[in-house]
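Novice: Take a look at this one; I'll ask things after.
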Amino acid sequence: MTALDLCLDLVRRARAAGADEAEAFFGDHTISTIEVRNQAVESLISATQRGVGIRALVGGATGYAYTSDLSPAGLDEVAGIAVRLAREATPDPDRALPETIPLPNQDLEIFDPALPDTPVEQKIDLLRSVERSAHQADPRVKDTDLTRYVDTYGATALANSRGFAHAYQSSFCYALVSVIARAGDESQRGYGYTFAHGLGDLSPVEAGERAAYRAVVTLGGRQVPTQKCAVVMEPEVAAELLGHVAGALSAEAILKGRSMFLGKQGQQVAAPLVTLVDQGNRVGGLGSEPFDGEGVPTGRTELIRAGRLEGWLHNTYTARRLGARSTGNASRPSFRGAPGVGPTNFWLEPGEPSPEQLRAGIKRGLHVVLSKNVGGINAVTGDYSVGASGLWIEDGQVAHPVSQVTIAGTMLEMLKSVVAVGSDLRWIPGTGVIGAPTIVLGEMTVAGG
């Protein structure tokens, strides 16, 4: 029985058990993790997650159950559990399966068939190359904190009683290295990464060199006086900000009253340079999939266009509650949970200037290379306060490294203060995949000595 046949069979069993409608979601994924330190393998783990979840609707109420027992008896049991849970739940007319929409005939290029057959020795060699690249990039890199490789590949299938029945394969892998640079008694950490759908598209040199740069660039850093000044955020720092913005643009957050954007639809919430997009059908996108966690085709959604708030990320339930349509953002990391709402490929549209051009235009300000969030970012209130290190800029030139300062403001103020957006769009894994270029904020509070 194929994955899709199994889903169709489970839907039939749920209907036979008393469900008015039913939906089955199947996942079969292998996950491998390798860690290397000082060129020696420290751990190697491989595991498979295989199972199916069933959502049953009875009289306007919903029940959800899942199992890894794919035998006929196991499927009967999980179908019965979902139906019983639905009968005990409170009816909600907005809990419904989506209307079936035909999927476009498009290859999203999200599966590398070579990855499942890649020898583990080849993965270890790549990881060792990542670590070597970091140490060779700068003699001040003395120690390795962590070098990790992770890959996952497999199949996803979904079928429901409304006629939807589709499956797809996907793959994803990444290598990450964290190193420690030393100068005298001072030490600093830096990390770098590379990720793709297949091993052959990873760049170990890029990951290693990026880690070394981020470790050594703030050696010798010092505090600056507390002041308001321009702030340049490198892509990784901007991506952390954008990840929280994406969460606040979820219709789930709006329905719960837990978003800084509540009541602001149609308003100017950011500078005209800011256009934020989520696109689940981006070809080759590391967050791409042909359909979302309940069978709605993925697509492109402009959430903020030229600074104006256009709308939210929706699944079927939030769309029905708010009188909208699903944006194809039903998020479902595994068969163990019912669909929520989440970003896919979420990014800030890049501009034209290079990072060097952006820095050259700074009269006085902080170029942030590393930030440390210790609970200072709140997507409900919009508060933003993080530890930061980087470079102090005077008249477009680096004056000295900076460390042990805090940058603070509110995310809405920060979005409105964007005065420049760079061309160097980088993709950073997180909740979904966040794409961020270097950005310049006209003014923020930098708290130092």
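Novice: Residues that are of a type in the set (Lys, Arg) and more than 21 Å from ARG426 (Cα to Cα): does segment 358-372 have at least one? Can you show your working first?
Specialist: Pass one, segment 358-372, residues of a type in the set (Lys, Arg): 359, 363-364, 372.
Next, from what is left, pick out any that are more than 21 Å from ARG426 (Cα to Cα): 363-364.
The answer is yes, given that some residue of segment 358-372 is of a type in the set (Lys, Arg) and more than 21 Å from ARG426 (Cα to Cα).
Novice: Something else about it: Out of all the residues in segment 34-73, which are of a type in the set (Asp, Glu) and closer than 30 Å to VAL177 by Cα?
Specialist: Start the filter on segment 34-73 by keeping residues that are of a type in the set (Asp, Glu), which leaves 35, 42, 69.
GLU35, GLU42, listed by residue number.
Novice: Return the total of residues in segment 153-173 being surrounded by fewer than 22 Cβ atoms within 10 Å (Cβ to Cβ) and out of contact with any helix residue (DSSP H, G or I) (no Cβ under 9 Å at 6 or more places or on another chain).
Specialist: Counting residues in segment 153-173 that are surrounded by fewer than 22 Cβ atoms within 10 Å (Cβ to Cβ) and out of contact with any helix residue (DSSP H, G or I) (no Cβ under 9 Å at 6 or more places or on another chain) gives 5.
Novice: Only one of VAL83, VAL120 is in contact (Cβ under 8 Å) with a residue 60 or more places away in the chain, outside the structural domain of ASN281 (by TED's automatic domain parsing) and surrounded by fewer than 17 Cβ atoms within 10 Å (Cβ to Cβ); which? Steps first, answer last, please.
Specialist: Numbers: VAL83 fails: surrounded by fewer than 17 Cβ atoms within 10 Å (Cβ to Cβ).
Matching residue, one of VAL83, VAL120: VAL120.
Novice: Identify, please: which residue in segment 422-449 is within 22 Å of GLU206 (Cβ to Cβ) and among the β-branched types (Val, Ile, Thr) and is, among those, nearest to the chain's Cα centre (by Cα)?
Specialist: VAL433
Novice: Also, quick follow-up: Do we find a residue being assigned by TED's automatic domain parsing to the domain that holds VAL269, at pLDDT below 95 and on the phi > 0 side of the Ramachandran plot anywhere in segment 377-399?
Specialist: no
Per-residue answers, yes or no, for (1) in a helix (DSSP H, G or I); (2) at pLDDT below 95; (3) more than 30 Å from ARG13 (Cβ to Cβ); (4) out of contact with any strand residue (DSSP E or B) (no Cβ under 9 Å at 6 or more places or on another chain):
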| residue | (1), (2), (3), (4) |
| --- | --- |
| GLU121 | yes, no, yes, yes |
| PRO139 | no, no, yes, yes |
| TYR149 | no, no, yes, no |
| ALA167 | no, no, no, no |
| LEU176 | no, no, yes, no |
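Novice: If you don't mind, there's one more thing I want to ask. Being buried (at least 16 other Cβ atoms within 10 Å of the Cβ) and not β-branched (Val, Ile, Thr) is the filter here, so list the residues in segment 388-407 that pass it. Working first, answer last.
Specialist: Kept after step one, since they are buried (at least 16 other Cβ atoms within 10 Å of the Cβ), are these residues of segment 388-407: 388-393, 401-403, 405-407.
Those that are buried (at least 16 other Cβ atoms within 10 Å of the Cβ) and not β-branched (Val, Ile, Thr): ALA388, SER389, GLY390, LEU391, TRP392, PRO401, SER403.
Novice: Can I ask one more? Across segment 429-449, what is the number of residues that are part of a strand (DSSP E or B) and surrounded by 19 or more Cβ atoms within 10 Å (Cβ to Cβ)?
Specialist: Taking segment 429-449 first, the residues part of a strand (DSSP E or B) are 429-430, 432-436, 439-447.
Next, only the ones that are surrounded by 19 or more Cβ atoms within 10 Å (Cβ to Cβ) stay: 432-436, 439-441, 444, 446.
Of the residues in that region, 10 qualify.
Novice: Follow-up question, since we're still on this one. Can you tell me which residue is farthest from PRO333 (Cα to Cα) among those in segment 12-33 that are surrounded by 18 or more Cβ atoms within 10 Å (Cβ to Cβ), under 31 Å from the mean Cα position of the chain (by Cα) and not hydroxyl-bearing (Ser, Thr, Tyr)?
Specialist: ALA22
Novice: Kindly evaluate GLU186 against the criterion of being closer than 22 Å to GLY435 by Cα and either surrounded by fewer than 18 Cβ atoms within 10 Å (Cβ to Cβ) or among the polar types (S, T, N, Q) (or both). Write out each step before concluding.
Specialist: On the way: closer than 22 Å to GLY435 by Cα: no; either surrounded by fewer than 18 Cβ atoms within 10 Å (Cβ to Cβ) or among the polar types (S, T, N, Q) (or both): yes.
When the stated conditions are applied, GLU186 does not pass them.
Novice: Of the numbered conditions (1) within 22 Å of the chain's Cα centre (by Cα); (2) part of a helix (DSSP H, G or I); (3) surrounded by fewer than 20 Cβ atoms within 10 Å (Cβ to Cβ), TYR213 satisfies every one except a single condition; which is it?
Specialist: It fails just one condition, (1).
Novice: Same structure again: What pairs can you find where one residue is in segment 344-368 and closer than 30 Å to PHE291 by Cβ and outside any loop (DSSP other than H, G, I, E, B), the other is at pLDDT 95 or above and of a type in the set (Gly, Ala, Ser), and their Cβ atoms are less than 6 Å apart, with a gap of 6+ or different chains?
Specialist: Pairs that qualify, where the first residue is closer than 30 Å to PHE291 by Cβ and outside any loop (DSSP other than H, G, I, E, B) and the partner is at pLDDT 95 or above and of a type in the set (Gly, Ala, Ser), are ASN345/GLY285; ASN345/GLY287; PHE346/ALA246; TRP347/GLY435; LEU348/ALA436.
Novice: On to the next question. Starting from residues that are out of contact with any Lys or Arg (no Cβ under 9 Å at 6 or more places or on another chain) and closer than 24 Å to THR152 by Cα, keep the ones in segment 271-295 and report whichever is surrounded by the fewest Cβ atoms within 10 Å (Cβ to Cβ).
Specialist: VAL283
Novice: Under the condition of being within 17 Å of LEU255 (Cβ to Cβ) and hydrophobic (A, V, I, L, M, F, W, C), which residue from segment 296-316 is surrounded by the most Cβ atoms within 10 Å (Cβ to Cβ)? Even if it seems obvious, please write down each step before you answer.
Specialist: Narrowing segment 296-316 to residues within 17 Å of LEU255 (Cβ to Cβ): 303, 309, 311-316.
The next check asks that each one be hydrophobic (A, V, I, L, M, F, W, C); those that pass are 303, 309, 312-313.
On the way: LEU303: 20, LEU309: 19, TRP312: 25, LEU313: 29.
Among those residues, the one meeting the criterion is LEU313.
Novice: Within segment 188-210, which residues are within 22 Å of the chain's Cα centre (by Cα) and not in a helix (DSSP H, G or I)?
Specialist: GLY190, TYR191, GLY192, TYR193, THR194, PHE195, ALA196, HIS197, GLY198, LEU202, SER203
Novice: When segment 267-294 is examined, which residues are found to be among the hydrophobic types (A, V, I, L, M, F, W, C) and closer than 29 Å to HIS197 by Cα? Spell out how you get there, then give the answer.
Specialist: Kept after step one, since they are among the hydrophobic types (A, V, I, L, M, F, W, C), are these residues of segment 267-294: 269-271, 273-274, 276-277, 283, 286, 291.
Listed by number, the residues that qualify are VAL274, LEU276, VAL277, VAL283, LEU286, PHE291.
Novice: Quick one: is ILE54 touching a residue at least 24 places away in the same chain (Cβ under 8 Å), under 28 Å from the mean Cα position of the chain (by Cα), in the same structural domain as THR156 (by TED's automatic domain parsing) and at negative phi? Talk me through it step by step, then tell me what you get.
Specialist: Working: touching a residue at least 24 places away in the same chain (Cβ under 8 Å): yes; under 28 Å from the mean Cα position of the chain (by Cα): yes; in the same structural domain as THR156 (by TED's automatic domain parsing): yes; at negative phi: yes.
For ILE54, the condition - touching a residue at least 24 places away in the same chain (Cβ under 8 Å), under 28 Å from the mean Cα position of the chain (by Cα), in the same structural domain as THR156 (by TED's automatic domain parsing) and at negative phi - is met.
The values are calculated or read from the model by the stated rules, or taken from the named source; none is laboratory data. Just so it is clear, the model here is predicted, and its values are computed rather than measured. Positions of Cβ are backbone-derived with ideal geometry, glycine not excepted, and every protein chain shown enters the neighbour counts.
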